[in-house]
Amino acid sequence: MNLRAFILSALCLTVFSPSVFANDLHDAKAALERRDYESALKLLDNALKTMPKGQAAVYEMRAVTQAHRGRADEALADYDQAVKLATGEQPDLLRRIAIGVLSALLAHDQEFVRGAAVTALADLGPRGIQSPLNAALRDRSPRVRSLAIQTASRLGLAASLPAVREAVKDPDASVRLAALATLGLSKAPAVVPIVKQGLRDHDPLAQLVAREALILLKQPESLQPLIAATRDFSPAVRGVAVGILGRLKEPSALPALSLSLHDPDPSVRSFAAGALGDMGSAAAIPELLEAMTDENPYVRNFAAASLGRLRAKEAIHALWEAVKDPDTLVRLAAAEALVRLGEGQAALIFRELAKDPDYGIRSAAVGAMGRVAPAGAMTFALESLDDPAPRVRVAAVQALGKAGGKAAIPYLRRALLDKDPTVRAFAAGHLGALAGEKSSHAS
């Protein structure tokens, strides 16, 4: 062998050495664990050059790396390559990609994008999401922190996360309210002393929410301060008190809620109409039927929704009248209530309103279809997946995630590449959730 051939042979042995490949893979894994995604990507690219035929493990790791870099398109391409090499679907990898995409969006410079990402985390379930959730709980935006607290509640993690417990002292009142409400829903006795701090909060709304939380935590707390608050001079205090009484479903509060349906402030009347539906008492039906004639459309809207939740058959005629209401949201609420009452033909109203010039109405129509008519929701959602308004596409993604099952996965993958980051966020949440379900079934 001449010298040139010997050198080329040695180079080939070095470049294609399994030991070099293993070292790159090991170092890439370490870089990924310390969140140095750029270094991980370079090492993985080098590993693929070292072993030209590729290895499923490299593509799997690179898919997760690309997801954390915010490159959903590259992540899905690597996922497909990993599936091809492994000769089978990998739902757990798809879930890890979803977590990576959401983690990247939680670093976005726009508050509403970070808010969408932390809300979408709740769809994934608790496994593997504590790191991005903890980051959101310490976000600079009070709105994102509040949404993160609500996500922790939905995942059953609120009582175990120090950041949620500490949030009862947050400088922003809305964050303190979210923390107190969430800790009450946790039903963990250990949080009682923390919640009691809310009784001394300088914000009267926080004091009310703390009382609700203590009642939910089975503490000896009287309803009387809450009932008295329905007569407070502040409409905001009256409205929050009314909402709390409805959620507590305490029969003795029914007279106060009925009285609040005649409050001079329309926002309080709206809260009362919604709270009477939450209460679940058929005794409220006559007053809600009367509220269907209120001059304020928001009151009519909440009254229609409550009549549907109360399964008030005697309201069917009034609800059919309400589908001709001049306010589109009232028409939508009435149609949803009618479908709940077995009047399936009212779902045609959703299709009509899905063509409304107002994108808010279109998105609400898609959402209503997903809630009450899941059999037709997938087709309906697919028609809205190309809507020009991101908010409508978000509603379509949510409907697909809830009603589409395994058949929705290809469409959610497509939505993961949407030009709007909020659409991508919710697509990631639902895609990861469906993949998680497949993974748990497989195991």
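The values are calculated or read from the model by the stated rules, or taken from the named source; none is laboratory data. From a predicted model like this one, the values you see are computed outputs, not experimental measurements. Glycine gets a Cβ as well: all are built from the backbone with ideal geometry, and neighbour counts include every protein chain shown. Ligands, DNA and RNA are stripped out before the accessible areas are found, and what is left, the full protein with its side chains, is counted by its heavy atoms. Shrake-Rupley method; radii C 1.70, N 1.55, O 1.52, S 1.80 Å.
Answer yes or no as to whether Ala47 is at pLDDT 70 or above, more than 22 Å from Ser131 (Cα to Cα) and surrounded by 17 or more Cβ atoms within 10 Å (Cβ to Cβ). Step through it out loud before you land on a result.
Details: at pLDDT 70 or above: yes; more than 22 Å from Ser131 (Cα to Cα): yes; surrounded by 17 or more Cβ atoms within 10 Å (Cβ to Cβ): yes.
Judged against the criteria, Ala47 is a match.
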Among the residues of segment 85-121, how many are among the small types (Gly, Ala, Ser), at pLDDT 95 or above and farther than 16 Å from Ala67 by Cα?
2
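Select from segment 345-380 the residues that are among the acidic types (Asp, Glu) and outside any helix (DSSP H, G or I) and write down the one among them that is farthest from Leu319 (Cα to Cα).
Here is the first cut: in segment 345-380, the ones among the acidic types (Asp, Glu) are 352, 356, 358.
The next check asks that each one be outside any helix (DSSP H, G or I); those that pass are 356, 358.
Details: Asp356: 20, Asp358: 23 Å.
This residue is Asp358.
Please indicate, with yes or no, whether at least one residue in segment 298-310 is of a type in the set (A, V, I, L, M), under 22 Å from Ala377 (Cβ atoms) and either touching a residue at least 40 places away in the same chain (Cβ under 8 Å) or part of a helix (DSSP H, G or I) (or both).
First, pick out the residues of segment 298-310 that are of a type in the set (A, V, I, L, M): 299, 303-305, 307, 310.
Then keep just the ones that are under 22 Å from Ala377 (Cβ atoms); that gives 304-305.
Imposing the further condition that a residue be either touching a residue at least 40 places away in the same chain (Cβ under 8 Å) or part of a helix (DSSP H, G or I) (or both) reduces the set to 304-305.
Among the residues of segment 298-310, at least one is of a type in the set (A, V, I, L, M), under 22 Å from Ala377 (Cβ atoms) and either touching a residue at least 40 places away in the same chain (Cβ under 8 Å) or part of a helix (DSSP H, G or I) (or both), which makes the answer yes.
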Pairs needed: first member in segment 88-104, more than 15 Å from Asp123 (Cβ to Cβ); second member anywhere, assigned to a helix (DSSP H, G or I) and of a type in the set (Asp, Glu); C-beta distance under 7 Å; at least 6 residues apart or different chains.
Leu93/Glu60
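Please work out if Leu245 is under 22 Å from Glu321 (Cα atoms), in contact with a Ser or Thr (Cβ under 9 Å, 6 or more places away or on another chain), open to solvent by less than 10 Å² (accessible area, probe 1.4 Å) and modelled with pLDDT of 95 or more.
Working: under 22 Å from Glu321 (Cα atoms): no; in contact with a Ser or Thr (Cβ under 9 Å, 6 or more places away or on another chain): yes; open to solvent by less than 10 Å² (accessible area, probe 1.4 Å): yes; modelled with pLDDT of 95 or more: yes.
For Leu245, the condition - under 22 Å from Glu321 (Cα atoms), in contact with a Ser or Thr (Cβ under 9 Å, 6 or more places away or on another chain), open to solvent by less than 10 Å² (accessible area, probe 1.4 Å) and modelled with pLDDT of 95 or more - is not met.
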Could you tell me whether any residue of segment 335-354 is closer than 20 Å to Thr293 by Cα, crowded, with 19+ Cβ neighbours inside 10 Å and of a type in the set (Asp, Glu)?
yes
Output the residue which, of all residues in segment 419-443 that are modelled with pLDDT of 95 or more, within 18 Å of the chain's Cα centre (by Cα) and charged (D, E, K, R), is most open to solvent (accessible area, probe 1.4 Å).
Arg424
Considering only segment 317-334, how many residues are open to solvent by 20 Å² or more (accessible area, probe 1.4 Å) and of a type in the set (Gly, Ala, Ser)?
1
Among (1) over 25 Å from Ala31 (Cα atoms); (2) modelled with pLDDT of 95 or more; (3) surrounded by fewer than 16 Cβ atoms within 10 Å (Cβ to Cβ), where does Ser146 come up short?
(3)
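Does Ala167 satisfy being crowded, with 20+ Cβ neighbours inside 10 Å and closer than 29 Å to Leu261 by Cβ? Even if it seems obvious, please write down each step before you answer.
On the way: crowded, with 20+ Cβ neighbours inside 10 Å: yes; closer than 29 Å to Leu261 by Cβ: no.
Spelling it out, it is not the case that Ala167 is crowded, with 20+ Cβ neighbours inside 10 Å and closer than 29 Å to Leu261 by Cβ.
Take segment 355-392 and flag every residue that is open to solvent by 70 Å² or more (accessible area, probe 1.4 Å) and closer than 20 Å to Pro421 by Cβ.
Tyr359, Asp386, Pro388, Arg391
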